[in-house]
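Asker: Have a look at this one before I ask anything.
The values are calculated or read from the model by the stated rules, or taken from the named source; none is laboratory data. Computed from a predicted model, the values in this text were never measured in an experiment. Here the Cβ is made from the backbone with ideal geometry for all residues, glycine too, and neighbour counts use every protein chain on show. Heavy atoms of the whole protein, side chains included, go into the accessibility calculation; ligands, DNA and RNA do not. Shrake-Rupley method; radii C 1.70, N 1.55, O 1.52, S 1.80 Å.
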Amino acid sequence: MLTQSYSPSTLSPQELDLFLANGWFRQGCIIFTTNFLRNKHLIHSAVWLRIDLLAFAPTKTHLKLLKINANFRVEFHPFMLNETHETLFAKYKTSITFEAAISLQDLLYYQQTGNIYDTWEVAIYDYEKLIAVGIFDVGETSSMGITCFYDPNYQKYSLGKYLMFLKMQYAKNQGMAYFYPGYFSPNNPIFDYKLDLAKPFTAYLELSSNTWKSIQEYSISAAPIEVTTLKLKNLQNCLIERNIETTLFNYEFFDADLISTFNGMNTFDFPIFLQCFENYANTKQNPIIIFDVRDSQFHLVICEGIYDVTFTPNNPQHFTSQILQIAQHLFATESAEAMAIVISTSLVLAEEKFLTIPSKFQF
C-alpha cells in the first residue's frame, strides 16, 4: 500500500530497523508509511531519507556548530516526559510558522499510556537552564529522529541543526549504520532542512524500485506525484482525441488508513485518478483509472464506496463524497494508447446496454 499504519503492542529493535529501512516512521505510538502529503489542498510527494552513518563525517558546518555552542552542556539519556519539556515545547511553538502537535504528550504518545519504543533525548543546557531538546528512537542498527525544539531566545545558535548533528554523531558512536530523519517533500520547502544535514551521505527511498539511492541522483521530475499526474494527463489527452470526456480528480481521502476507524481496511490510497465512466460516477461501483509508479502501469479498477462523506469540496475536481476501496482489477498496461483503446471499447459496450463493465480485458 502507498499509505499504511500499524499499531504494534511491542516492537523489537530489529523490527524497528526493518520498518525504517522500508520507509516507515513513528507517529504517536503507531508506525506508518505514506508516499503523498496534503498541504493547503495541494498534493505533494513524501520522499523518505536516511543517512549512512558508517560513511558520515562532520563537515565544516558541523564543526562550526560545535564551536558556537561550545559553552553549552550536552547530555544524553533515556527520555522521560516532564513538565519542563512541555513548557519548552510550548515556548518553541510560539516562534514557528508551521503547524505542530498540541503537546509533546500528544506527539509522542497520542491516546496511549505507555511507550513501546526505546526513546532517548539529547538535552542542551545553558548552565542549569534547559534550552533545547532533541528526541530520537533507537533500534539495533539504526536511529530515528523524532523532533527537536528549543528556546526561541537562542535562535542565533542554530540549535535545531545542532541537535540533529548531535543525534547523528551519538548514533554513529554507538555503532549504528543509519540515521532516519523522516521524509522531505519536493516543492514544499518546510522539510528542505533535512537535505542539508549530511547531503553527501544521504539517500532517498525510490518508490518505483523500492531501493535506496543517493540524494544527489534525485530529480523532482521523478517524484511520485509528478510522474502520476503526467501519466494520467497523457492518457487524458489520448481519450480527448477519441472524444471521450474525462475528469482528473484529486482524491481527498488517500490517507484514510492512517485514521483508526479505517486502519487495516485497505482503503484506496492513490491521491489522483481519472474518471471517464460518468454514468457510474455517483454509484457504489465506480470504474476509474490510476497510474501506479511502483509497476509503471495504468490500471483500470472498480472501486466501491465503503463510507459516504458529507463534505463540500472547495474545488469540483476534488473527490470528497466517499471513502473508496478497490474491489476489482480489470486491466493493466504501460501504454496510454492501449488503455485508451480499452476504455473506448468498454464505453461502446456500455452504450449497447451491457449492464456492467466487462470483468476483464484481453489486449
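Asker: Taking the range 1-28 as the region of interest, how many residues are open to solvent by less than 10 Å² (accessible area, probe 1.4 Å) and under 14 Å from Y117 (Cα atoms)? Steps first, please.
Answerer: Of the residues in the range 1-28, the ones open to solvent by less than 10 Å² (accessible area, probe 1.4 Å) are 2-3, 16, 20, 23, 28.
This time we only want the ones that are under 14 Å from Y117 (Cα atoms), so: 16, 20, 28.
Summing the residues that are open to solvent by less than 10 Å² (accessible area, probe 1.4 Å) and under 14 Å from Y117 (Cα atoms) in the range 1-28 gives 3.
Asker: Of the conditions (1) touching a strand residue (DSSP E or B) at 6+ places or on another chain (Cβ under 6 Å); (2) open to solvent by less than 70 Å² (accessible area, probe 1.4 Å), A222 satisfies every one except a single condition; which number is it?
Answerer: (1)
Asker: To continue, here is another question. Is there any pair linking a residue in the range 263-285 that is more than 14 Å from Q4 (Cα to Cα) and among the polar types (S, T, N, Q) to one that is at pLDDT 80 or above and open to solvent by 60 Å² or more (accessible area, probe 1.4 Å), with Cβ under 8 Å and at least six apart or on different chains, and which?
Answerer: Q285/E304
Every residue, every condition in (1) part of a strand (DSSP E or B); (2) under 30 Å from S209 (Cβ atoms); (3) in contact with a strand residue (DSSP E or B) (Cβ under 7 Å, 6 or more places away or on another chain); (4) at pLDDT below 90, yes or no:
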{"position": "R294", "(1), (2), (3), (4)": "no, yes, no, no"}
{"position": "I302", "(1), (2), (3), (4)": "yes, yes, yes, no"}
{"position": "P313", "(1), (2), (3), (4)": "no, no, no, yes"}
{"position": "P316", "(1), (2), (3), (4)": "no, no, no, yes"}
{"position": "L330", "(1), (2), (3), (4)": "yes, yes, yes, no"}
{"position": "A338", "(1), (2), (3), (4)": "no, yes, no, no"}
{"position": "I343", "(1), (2), (3), (4)": "no, yes, no, no"}
{"position": "K353", "(1), (2), (3), (4)": "no, no, no, yes"}
{"position": "F361", "(1), (2), (3), (4)": "no, yes, yes, yes"}
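Asker: Moving to a separate point now. Out of all the residues in the range 92-106, which are in contact with a helix residue (DSSP H, G or I) (Cβ under 8 Å, 6 or more places away or on another chain) and closer than 23 Å to F191 by Cβ?
Answerer: Going residue by residue through the range 92-106, those that are in contact with a helix residue (DSSP H, G or I) (Cβ under 8 Å, 6 or more places away or on another chain) are 92, 94-95, 98, 100-101, 103-105.
Hits for the range 92-106 are Y92, T94, S95, F98, A100, A101, S103, L104.
Asker: Within the group S208, S214, S260, which residue is farther than 21 Å from S296 by Cα, open to solvent by less than 80 Å² (accessible area, probe 1.4 Å) and among the small types (G, A, S)?
Answerer: S214
Asker: Let me ask another. Within the range 13-31, track down each residue that is over 11 Å from the mean Cα position of the chain (by Cα), in a loop (DSSP other than H, G, I, E, B) and either farther than 21 Å from L108 by Cβ or at pLDDT 95 or above (or both).
Answerer: N22
Asker: What tally of residues in the range 227-257 results from selecting those that are open to solvent by less than 50 Å² (accessible area, probe 1.4 Å), part of a helix (DSSP H, G or I) and not polar (S, T, N, Q)?
Answerer: 7
Asker: Another question, then. Which of the residues belonging to the range 246-279 are modelled with pLDDT under 90 and more than 28 Å from the chain's Cα centre (by Cα)?
Answerer: Once the filter is applied, which keeps residues that are modelled with pLDDT under 90 and more than 28 Å from the chain's Cα centre (by Cα), the range 246-279 yields C276, F277, E278, N279.
Asker: Sticking with this one: If you take just the strands (runs of 3 or more DSSP E) that sit entirely in the range 32-148, which of them hold at least 3 residues that are closer than 30 Å to H318 by Cα, under 20 Å from the mean Cα position of the chain (by Cα) and not small (G, A, S)?
Answerer: 36-39, 42-45, 47-52
Asker: Among the residues of the range 149-178, how many are open to solvent by 50 Å² or more (accessible area, probe 1.4 Å), under 24 Å from the mean Cα position of the chain (by Cα) and over 22 Å from I68 (Cβ atoms)?
Answerer: Summing the residues that are open to solvent by 50 Å² or more (accessible area, probe 1.4 Å), under 24 Å from the mean Cα position of the chain (by Cα) and over 22 Å from I68 (Cβ atoms) in the range 149-178 gives 1.
Asker: Taking the range 29-76, which residues are of a type in the set (A, V, I, L, M) and closer than 30 Å to T228 by Cα?
Answerer: I30, I31, L37, L42, I43, A46, V47, L49, I51
Asker: Would you be able to say whether some residue in the range 193-205 is open to solvent by less than 60 Å² (accessible area, probe 1.4 Å) and farther than 27 Å from N39 by Cβ?
Answerer: There is at least one residue in the range 193-205 that is open to solvent by less than 60 Å² (accessible area, probe 1.4 Å) and farther than 27 Å from N39 by Cβ.
Asker: Shifting gears a bit: Go through (1) more than 30 Å from G28 (Cβ to Cβ); (2) within 20 Å of the chain's Cα centre (by Cα) one by one and return the number of the condition I215 breaks.
Answerer: Status for I215: all satisfied but (1).
Asker: Taking the options D118, D106, D126, name whichever one is touching a Phe, Trp or Tyr at 6+ places or on another chain (Cβ under 8 Å) and open to solvent by 10 Å² or more (accessible area, probe 1.4 Å).
Answerer: One residue alone meets the criteria, D126.
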